[in-house]
1. Need at least 1 residues that are of a type in the set (Lys, Arg) and touching a residue at least 24 places away in the same chain (Cβ under 8 Å) per element, so show me which strands (runs of 3 or more DSSP E) inside the range 553-609 make the cut, counting only ones lying wholly within it.
2. How many residues are of a type in the set (A, V, I, L, M, F, W, C), over 18 Å from residue 66 (Cα atoms) and outside any loop (DSSP other than H, G, I, E, B) when one looks only at the range 7-36?
3. Can you tell me which of (1) part of a helix (DSSP H, G or I); (2) under 24 Å from residue 378 (Cβ atoms); (3) in contact (Cβ under 8 Å) with a residue 12 or more places away in the chain is the one residue 327 doesn't meet?
4. If residue 71 passes every condition in (1) within 15 Å of residue 20 (Cα to Cα); (2) at pLDDT 80 or above; (3) surrounded by fewer than 16 Cβ atoms within 10 Å (Cβ to Cβ) but one, which one does it miss?
5. Working only within the range 224-236, note down all residues that are modelled with pLDDT of 80 or more and surrounded by fewer than 22 Cβ atoms within 10 Å (Cβ to Cβ).
6. Could you run through the range 304-313 and say how many residues are touching a helix residue (DSSP H, G or I) at 6+ places or on another chain (Cβ under 9 Å) and either at pLDDT 90 or above or buried (at least 17 other Cβ atoms within 10 Å of the Cβ) (or both)?
7. Just a yes or no: is a residue in the range 484-500 of a type in the set (A, V, I, L, M, F, W, C), surrounded by fewer than 16 Cβ atoms within 10 Å (Cβ to Cβ) and either farther than 26 Å from residue 609 by Cα or at pLDDT below 80 (or both)?
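The values are calculated or read from the model by the stated rules, or taken from the named source; none is laboratory data. These figures come from a predicted structure and were not determined experimentally. Reconstructed Cβ throughout: ideal geometry from the backbone, glycine too, with neighbour counts over all protein chains shown.
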Amino acid sequence: MGQWKNLLADVDDDYLVGISNKGIVKRAYKDKEEVPASVEGMGEEASVKVGEETVTVKFPLGESRCTCPSRSICRHVVQAILVLKESCGKGAEAEEESGGQGMAEGALNQADSAEGDSVQGDSAENASSQGNSVKGASGQGGSAEGGSSQGAAEGAVSQSASGRDAALGQGAAGAKVRGEIEQYPFAQLKKALGSRHLQILHNQLLSGIKPQIQYSSIVTVQLPEQNMVVKLLSPLEYSSCTCHKKEMCVHKASAILWCQLEAGTVKESDLAPDAADTPAFRMDKAGEAAGQMKEFLEELLCTGLSRTSPDVLDYLERLAIISHNGGLARFEGYFRALSDSYDGYFQRKAQFRAGELMEQMTRLYKRVELLEKAVKSGDNNEVLKQAGEFRADYMPAGNLDLIGITMEHFQTQTGYEGDTIYFLEENTKQWYTYTNARPMFYETGRNRKFMEKSQAPWGLNIPIADMAKVRIRLTGAKCDARKRLSSSQETRGEIRGEQGLGLSDISDWYYEDFGKLFKERIEPPRKNWLYGQEEMSKGVELVFVQPADCVKAEFSQTGQTLFMPLYDGAGREIVIEMAYSKEESSSIRYLERISEKDPSCFLGKIYLRDGRIRMYPVMVWKKRFS
């Protein structure tokens, strides 16, 4: 019995909930008052009769079994554990009473019993035993009252310490499970998580996203993933997760790793991806692709623009496909962009510039040389750096309250077309975007209206175009490093009302003083010639500009570009620029109709070129925010 008492001493309701669930434990307590149960035997295993069922209690308790059809920890097992623990407690009290090892109340009860026994005179042996018991109770320190007070004080201190330890998860059961967690091999956790989930956890740590961890006889971890709760208990093999998997799932591995990070047994640097975790390139395939690229670009540079055949577009498309098949994501985009520039030359488009084409080609040639050098050296990390990746890593961003601002249609040089929705987060005042795009390499007819009417993500029952007109609450949102939102099915959205945009919503991005805008938002362009304007962008840099005055827009026929100067109260200038295209023609006509007497509020992307602040407008408000 003493062995079972020690084994069950730290089994509390939290532990029982961990091996079953809260409903089963609640039902077991109710049945305990109504269903008869008795302990039939104790040894290495304990047999408990619960109603019509027989329960075999083992250690670990998760291995206990019942004769009922349930294959998991049922209410009979939980009731049997409760009855067994209560029985061990009563048996221990009886032993303590007979041996004179109780606290103050027990000593008084035993003294009363001794007095009764001595009066009755049933047995000399009893009398002798009880007399010794009384002597032990009153003969220490010359005062039973003093001894009792001292024992009570020591008991109070002991209970206070144990309560403090329990609150910190340092009780016997809590300390045991914490010890198992801290000693769990990091290599096994990495194997269970895999490189992708390990990278996600590392990104969460860098972003300050941490789980909620509660310590008791078990450790409960509320993971950043939506509705994922892990209960870690001793032994760890019997831990539970809301995904209901019995084996070591990624959620249990994540929970253990978060606890190790909090305890300091694992450091942030241990989570950094190893070289072995990075995707390995087939060097022969990458080298062959780099050789073909270099040879073709040399031929183009030697041939000259005026003698180049229109067939060059087919060759550039072929190199883009070779890049795609070789895992060279950036080079696929580079060659599609170069193809688009050559198409502008053959179509005699007004915005075509021979100097820009030459710069684009020489930049690409230098990149190919760097790729070829990395392949020859066998440096997988350098090849990955030059090649880029097709897919961005999305990490949990928590719950977001988004204000839909506007939608921008785009068509990239790399052959993609679609729409980007811009959002402002109400609490952090940060920009987020959602992009709906599709490749248009081989399509002749492009139906933009069809894309705008497609269904919004996150379970929202509205078209994509209407997302810019409402406020949305996202639960379990995910985004990449550039705040681009994922359309993950795990993310759920709820429409909270109409946009209702006010100055308080956009205050961090609203400017009437262009000098202040320059200091806060304009960064000098990088001096690294190898990178183009699109690659220099770190993310969304939209601003709201409210000019004090403006000049009527003018369209340059030679450059096929619209120019519209804006001025603040001190006469500082921002120039709106918009190159002509079929898609931008309606926007250009709208800007030409804006009155000089009543300047609108402009939302756009700003950049610095030739010493002047310039803006590409995304949206225009005719009202002044206040």
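1. Qualifying strands (runs of 3 or more DSSP E): 601-609.
2. Here the count works out to 2.
3. Only one criterion in (1) part of a helix (DSSP H, G or I); (2) under 24 Å from residue 378 (Cβ atoms); (3) in contact (Cβ under 8 Å) with a residue 12 or more places away in the chain is unmet by residue 327, namely (1).
4. Here residue 71 clears every test but (2).
5. 228, 229, 236
6. The qualifying residues number 5.
7. The answer is no; no qualifying residue exists.
Yes/no per residue for (1) in a helix (DSSP H, G or I); (2) closer than 20 Å to residue 244 by Cβ; (3) in contact with a strand residue (DSSP E or B) (Cβ under 6 Å, 6 or more places away or on another chain):
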site	(1), (2), (3)
62	yes, yes, no
70	no, yes, no
73	no, yes, no
78	yes, yes, no
88	yes, no, no
